[in-house]
1. Out of the residues in segment 47-87 that are open to solvent by less than 20 Å² (accessible area, probe 1.4 Å), under 16 Å from the mean Cα position of the chain (by Cα) and closer than 15 Å to VAL36 by Cβ, which is modelled with the lowest pLDDT?
2. Is it the case that some residue within segment 114-121 is polar (S, T, N, Q), out of contact with any Asp or Glu (no Cβ under 7 Å at 6 or more places or on another chain) and open to solvent by less than 50 Å² (accessible area, probe 1.4 Å)?
3. If ARG173 passes every condition in (1) within 22 Å of THR11 (Cα to Cα); (2) in contact (Cβ under 8 Å) with a residue 40 or more places away in the chain but one, which one does it miss?
4. Looking for whichever is closer than 14 Å to PRO100 by Cα, in contact (Cβ under 8 Å) with a residue 24 or more places away in the chain and exposed (fewer than 14 other Cβ atoms within 10 Å of the Cβ) here; the options are ARG38, ARG27. Which one fits?
5. How many of the residues making up segment 6-20 are more than 11 Å from VAL66 (Cα to Cα) and either buried (at least 17 other Cβ atoms within 10 Å of the Cβ) or in contact with a Gly (Cβ under 7 Å, 6 or more places away or on another chain) (or both)?
6. In segment 21-47, how many residues are closer than 20 Å to ILE87 by Cβ and part of a strand (DSSP E or B)?
7. Can you tell me which residue in segment 132-174 is farthest from the chain's Cα centre (by Cα), limited to those that are open to solvent by 80 Å² or more (accessible area, probe 1.4 Å) and of a type in the set (Lys, Arg)?
8. Do we find that LEU143 is hydrophobic (A, V, I, L, M, F, W, C) and more than 21 Å from LEU85 (Cβ to Cβ) in this structure?
Amino acid sequence: MEQITNRIVLTGCLASAPEYSHSNHNRHFYSFFLEVARLSGAIDRLQILASEELLAQTEISEGSGVYIEGQIRSFNNRSPFGRRLIISVFAEYIEVTDAPHDNQVTLQGIICKEPVFRRTPLGREICDVMLAVNRPYHRADYLPCILWGRCAQEVSDYPVGTPLLITGRLQSRDYIKMIDGVAEQRTAYEISAITAELP
């Protein structure tokens, strides 16, 4: 069976203490936010999900430097206001560190929606791609990716069903959504691709 890749490595600052999230098969999971600085100085605030056992193995506290290895997961949250794709990082390894901030993602999956190509007001080329990345037990994570420049041009021509190998970083982006005339601030998560190629 072909090995599908879903890997993220993060180094950042623990921005919130772990809080209970949910239980699954008698295992308890906690969530917290990790702040990771980009080279530009902008901060990505990423939601991390970790098991109680994993957190018990390391002494992390708010404000400490943390190194995480894991996978990016998606969850379709159905609410009265419609469906929202929730993106988080499922931690498989955590340790305290004072290493510089880092954010590296490697994904291999299938393009599952028609790529959307556009240009910014300044003429920069962008392509939005939704990647379906397999995980065990016949499940998949649906992960939004954004590509730039020549990479965006090339991938915009690929049909649905094309396999794609992407490297880049997971970023957060705040935006305003109007709901019944009320402005609500939300955060979107996407993988900003550095490379994209046919595997």
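1. Checked segment 47-87; the qualifying residue modelled with the lowest pLDDT is ILE87.
2. Going residue by residue through segment 114-121, those that are polar (S, T, N, Q) are 120.
Pick out the ones that are also out of contact with any Asp or Glu (no Cβ under 7 Å at 6 or more places or on another chain) and you get 120.
Filter once more, so that each one left must be open to solvent by less than 50 Å² (accessible area, probe 1.4 Å): 120.
There is at least one residue in segment 114-121 that is polar (S, T, N, Q), out of contact with any Asp or Glu (no Cβ under 7 Å at 6 or more places or on another chain) and open to solvent by less than 50 Å² (accessible area, probe 1.4 Å).
3. (2)
4. Working: ARG27 fails: closer than 14 Å to PRO100 by Cα.
Of ARG38, ARG27, the one residue that is closer than 14 Å to PRO100 by Cα, in contact (Cβ under 8 Å) with a residue 24 or more places away in the chain and exposed (fewer than 14 other Cβ atoms within 10 Å of the Cβ) is ARG38.
5. Matching residues across segment 6-20 total 3.
6. 17
7. Here the answer is ARG150.
8. no
The values are calculated or read from the model by the stated rules, or taken from the named source; none is laboratory data. These numbers were taken from a predicted model, which means no experiment stands behind them. All Cβ positions, even for glycine, are placed from backbone atoms using ideal geometry, and neighbour counts span all protein chains on display. Only protein heavy atoms, including side chains, enter the accessible area calculation; ligands, DNA and RNA are left aside. Shrake-Rupley method; radii C 1.70, N 1.55, O 1.52, S 1.80 Å.
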